[in-house]
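See below for the structure under consideration.
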Protein chains: 2
Amino acid sequence: MTTTPVRDDDFLRLDQQICFSLNAASRAFNGLYRVVLKELGLTYPQYLVMLVLWEHGDLPVKKVGEHLRLDSGTLSPLLKRLETAGLVRRERSALDERSVVVGLTGEGTALRERALRVPRRIAAATGFELAEIDDLRTRLDRLTGALDAAALEEPPGPGPGSE
Amino acid sequence: MTTTPVRDDDFLRLDQQICFSLNAASRAFNGLYRVVLKELGLTYPQYLVMLVLWEHGDLPVKKVGEHLRLDSGTLSPLLKRLETAGLVRRERSALDERSVVVGLTGEGTALRERALRVPRRIAAATGFELAEIDDLRTRLDRLTGALDAAALEEPPGPGPGSE
DNA sequence: CGTCATTTAGTTGTGCGCAATTTAATTGTG
DNA sequence: CACAATTAAATTGCGCACAACTAAATGACG
């Protein structure tokens, strides 16, 4: 361990920096997407769902959730809105009646053409080089992995091997 | 311009990576904070507000919002919950009756002692060196600045050209 | 075969984020 | 002083994220 000695007091301020910065960046992204996606009639999470469907084709709700780290509590109402908008269809799977398969309608498929313009506008807005974006993405993914792992270890007991 | 020629098609996938990674990291952070903050009875946004108050003392709602990039639509109900929890007090300013000053109660001030342990647990969970966290923070802040600026320029017109 | 655990969606409830609107106080201007 | 413009909070409405729970279908096992 290369733990640099830092007083809790200082740490509390450092902490605010990183968690807050990440939060702010995420919301700033969201704000820009809101503007750009408005003309497509999509919210940012809806756009993410459409990206998944455009890339992978028809998928059960479960699979969509795995791609986006979202559960049915979030996806069910969201997909219902996409269905109302005429972009997707939902049908019970014949093979497994528990599963609901989400598929693109013609309109949903067609929307992809208009969505192709979105990423360039977003990327341009960041002012970052592609390489830097990629580097940032790598670090963030590593961070996410570490945080998820930690969240699983935190709740049960404060030490190794209780219960 | 060092624009690497990339097809819109590829771009659409790259795009999913960066926006999605940031979103995922933010939610992963949120999840870990949820676990760690549970014993303090705070949500993550409430924790951010407390951090601001601990650092700056009593502040009008407006100032709290400036520190956190949040407006009264978010802060009003949040502060009401903190008030109900007995952590803060809200009083109309005598000098400017429009303004509501948010102040810590004794209980709110005391909570800081217990909160001092939080950052270390979070930082440990990331598995990142302090230097790397700081580097990441810097990049994210730059990103946020660029995105905010872009969001202000986007809405008026689609720019030179299209439509 | 029947029973029970697991899996998959959906529902409910709470809280956040933000746009749009409302209300009240303050400031600026003639 | 009167009156319009601005400012600060609060409220309303919508959508997302997540925990907790329900309902229905499937799979495992004696």
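Figures for the structure shown
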| read-out | value |
| --- | --- |
| Sole exception among (1) open to solvent by 60 Å² or more (accessible area, probe 1.4 Å); (2) within 7 Å of chain A (Cβ to nearest Cβ); (3) within 16 Å of DNA strand C (Cβ to nearest atom) for B:GLU83, by number | (2) |
| Residue in region B:86-108 that is farthest from DNA strand C (Cβ to nearest atom), counting only those that are within 11 Å of B:ASP58 (Cα to Cα) and touching a residue at least 40 places away in the same chain (Cβ under 8 Å) | B:GLY103 |
| Any chance B:VAL100 is surrounded by 14 or more Cβ atoms within 10 Å (Cβ to Cβ), in contact with a strand residue (DSSP E or B) (Cβ under 7 Å, 6 or more places away or on another chain) and farther than 30 Å from B:GLY31 by Cβ | yes |
| Residues being touching a Ser or Thr at 6+ places or on another chain (Cβ under 7 Å) and either at positive phi or outside the structural domain of A:ALA110 (by TED's automatic domain parsing) (or both) - total across region A:51-97 | 1 |
| Selection status of A:GLU132, more than 9 Å from DNA strand D (Cβ to nearest atom), without any contact (Cβ under 8 Å) to a residue 12 or more places away in the chain, touching a Lys or Arg at 6+ places or on another chain (Cβ under 9 Å) and of a type in the set (Asp, Glu) | yes |
| Count - residues of region B:124-151 that are among the aliphatic types (A, V, I, L, M), more than 7 Å from chain A (Cβ to nearest Cβ) and closer than 20 Å to A:ASP9 by Cβ | 2 |
| Number of the condition not met by B:LEU95 [criteria: (1) facing chain A (nearest Cβ under 9 Å); (2) assigned to a loop (DSSP other than H, G, I, E, B); (3) open to solvent by 30 Å² or more (accessible area, probe 1.4 Å)] | (1) |
| Filtered residue count, region A:41-56, keeping only those that are closer than 11 Å to A:LEU79 by Cα and facing chain B (nearest Cβ under 8 Å) | 0 |
| Criterion violated by A:LEU140 - all others in (1) within 30 Å of B:GLU153 (Cα to Cα); (2) out of contact with any Asp or Glu (no Cβ under 9 Å at 6 or more places or on another chain); (3) more than 16 Å from DNA strand D (Cβ to nearest atom) satisfied | (3) |
| Odd one out for B:LEU42, checked against (1) within 26 Å of B:GLU107 (Cβ to Cβ); (2) in a helix (DSSP H, G or I) | (2) |
| Among the candidates B:THR138, B:THR105, B:THR144, residue that is out of contact with any Phe, Trp or Tyr (no Cβ under 8 Å at 6 or more places or on another chain), open to solvent by less than 50 Å² (accessible area, probe 1.4 Å) and not assigned by TED's automatic domain parsing to the domain that holds B:PRO45 | B:THR144 |
| Test: residue in region A:65-85 that is in contact with a His (Cβ under 9 Å, 6 or more places away or on another chain) and not in a helix (DSSP H, G or I) | no |
| Flag for A:LEU75 being within 16 Å of DNA strand C (Cβ to nearest atom) and at the interface with another protein chain (Cβ under 8 Å from one of its Cβ atoms) | no |
| Complete set of residues in region B:22-40 that are within 10 Å of DNA strand C (Cβ to nearest atom) and more than 7 Å from chain A (Cβ to nearest Cβ) | B:ASN30 |
| Qualifying position, being at pLDDT below 95, buried (at least 16 other Cβ atoms within 10 Å of the Cβ) and assigned to a helix (DSSP H, G or I), among A:LEU48, A:LEU37, A:LEU12 | A:LEU12 |
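The values are calculated or read from the model by the stated rules, or taken from the named source; none is laboratory data. None of the values given here were measured: they were computed from a predicted structure. Glycine gets a Cβ as well: all are built from the backbone with ideal geometry, and neighbour counts include every protein chain shown. Ligands, DNA and RNA are stripped out before the accessible areas are found, and what is left, the full protein with its side chains, is counted by its heavy atoms. Shrake-Rupley method; radii C 1.70, N 1.55, O 1.52, S 1.80 Å.
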